[in-house]
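Student: Sharing a structure here in structure tokens format.
The numbers here are math on the coordinates, done by the rules we state, and not lab data. As the structure is a prediction and not an experimental result, all values here were calculated from the model. Cβ: placed from backbone, ideal geometry, glycine included. Neighbour counts: every protein chain shown.
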Amino acid sequence: MTETQTSSGSFTGIGVGPGPTGYLTVKSQQALLDADLVLVPKAQGGKKSTALSCIQDLQLPEDKIVHLEYPMTNETATLDARYDEVANQIADYLQKDLRIAYVTLGDPYLFSTYIYTVQALKRNFPDTEIKTYPGISSFQALASALNMPLGTGKEKILILPCPDAPHELAQYIEQNENVVLMKIGDRFPWVYELLKQMDILHYCALGKRIGLDNEILTRELEELDMDSKPGYLSVMLIRKSEVLARKDV
């Protein structure tokens, strides 16, 4: 497909939420059922796609699933080349008048590989019509599961990929009433110790693999088994104080 050709198929990006199929919107579920092909991102060399496991209850035919492997690297040239390859692949499907759905964990426009894939598609094939359906983010699911407000009144909420150093995180916490901490990974031990030193650990919550196997949902971080490291699919809700009643706000 050349840049001047137009796509006769359709492309829809779909946020599948953090885990359970039930978190899909009605619109998203219908798009998945109607699609000719469902594109599923996964880490290169990985055994399975977590995004695919989030929609397994739909029992989509196997021949409808297309796995898109993305390299786990920070090398810009390598990643850009892969995004261009995927954009070309999508464009070829669209030229064949196929309805394409692309699934991604959480919300498509929050820390998602989908963002860069769409950028490549827009750059290489600007006439492509792109629809995107939002998904529930892990921190929303965690807050609801634990009945823990993300923010009340005029409280500030910062959504933050975990910094590399404790002093950076401490500064962000001091500047905001609430911090949603994502992409924690191996940094969890020092994050835990920092919150303990700041004497706010008892106001915080942790979610890991929400709706999936080995799930953790807890506001009792002091009792957390430290051998169960949260890993990549984890999120923390950090507060500096308890939630106030309306009359106290």
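Student: Work out the FRET efficiency for ASN214 and ASP127 from their Cβ-Cβ distance, taking R0 = 41 Å, and round it to the nearest 0.05.
Tutor: Working from the Cβ atoms, E equals 0.40.
Student: Apply the Karplus parameterisation 6.51 cos²θ - 1.76 cosθ + 1.60, with θ equal to phi minus 60°, to every residue of segment 84-97 and state each ³J(HN,Hα) to the nearest whole Hz, in sequence, with x for glycine and proline.
Tutor: Once θ is set to phi - 60°, the couplings for segment 84-97 become 5, 4, 5, 4, 5, 5, 5, 4, 5, 4, 5, 5, 8, 6 Hz.
Student: Between ALA165, ALA141, ALA51, which gets the highest mean-square fluctuation from a Gaussian network model of the chain, Cα cutoff 10 Å?
Tutor: ALA165
Student: If you don't mind, another one. Give me P(r) over segment 87-173, computed from all C-alpha to C-alpha distances, binned every 10 Å, as integer percentages.
Tutor: Calculated P(r), rounded to whole percents: 13, 32, 27, 18, 9, 0.
Student: Between LYS47 and ASP97, what length comes free when the chain is fully extended (0.36 nm per residue of separation minus the Cα-Cα distance, one decimal in nm)?
Tutor: Here the answer is 14.9 nm.
Student: Right, next: Tell me the chymotrypsin sites (Phe, Trp or Tyr not before Pro) within segment 76-114 that lie in a loop according to DSSP and have at most 16 other beta-carbon atoms within 10 Å.
Tutor: Filter output for segment 76-114: TYR109, PHE111.
Student: Work out the length of the dipole vector of the chain about its Cα centre, built from +1 on the beta-carbon of each Lys and Arg and -1 on the beta-carbon of each Asp and Glu, and round it to the nearest 20 debye.
Tutor: Computed charge dipole of the chain: roughly 480 debye.
Student: As I understand it, the dipole of segment 32-76 uses +1 on the Cβ of Lys and Arg and -1 on the Cβ of Asp and Glu, about the Cα centre. Which of HIS67, ILE55, GLN44 lies farthest toward its positive end?
Tutor: GLN44
Student: Hey, another quick one. Over the Cα atoms of segment 10-133, each weighted equally, I'd like the Debye log10 I(q)/I(0) at q = 0.15 Å⁻¹, rounded to two decimals.
Tutor: Here log10 of I(q) over I(0) equals -0.64.
Student: Modelling each spin label as a point 7 Å along the Cα-to-Cβ direction, I'd like the ASP84/GLU168 distance in nm, to one decimal.
Tutor: 3.0
Student: Give the residue list of GluC sites (Glu not before Pro) in segment 42-139 that are DSSP loop and have at most 10 other beta-carbon atoms within 10 angstrom.
Tutor: Loop-located and lightly packed - GLU75.
Student: I would also like to ask the following. Please express the shape of segment 141-234 as an equivalent ellipsoid: the semi-axes are the square roots of 5 times the eigenvalues of the C-alpha gyration tensor, given largest first in whole angstrom.
Tutor: 19, 17, 12
Student: With a cut-off of at most 11 other beta carbons within 10 Å, and DSSP calling the residue loop, which trypsin sites (Lys or Arg not before Pro) in segment 28-136 qualify? Please list them.
Tutor: Answer in residue order: LYS47, LYS48.
Student: If one puts a single equal scatterer on every Cα of the chain and applies the Debye formula without solvent, what log₁₀ I(q)/I(0) results at q = 0.07, 0.12 Å⁻¹?
Tutor: So the normalised log intensities work out to -0.28, -0.76.
Student: What does the helix-only formula give at 222 nm for the chain: each DSSP H stretch with n ≥ 4 adding -39500 (n - 2.57), the total divided by the residues, and the result rounded to the nearest 500 deg cm²/dmol?
Tutor: So the calculated ellipticity at 222 nm is -8500 deg cm²/dmol.
Student: Could you list, in their original order, any pairs among LYS96/LYS183; LYS156/LYS196; LYS47/LYS240; LYS64/LYS122; LYS27/LYS240 whose Cα atoms are separated by more than 31 Å?
Tutor: Too far apart for the 31 Å limit: LYS96/LYS183; LYS47/LYS240; LYS27/LYS240.
Student: Of the residues VAL26, VAL86, VAL118, which exhibits the maximal mean-square fluctuation in a Gaussian network model of the chain defined by a 10 Å Cα contact cut-off?
Tutor: Maximum fluctuation in the GNM of the chain, among the listed residues, is at VAL26.
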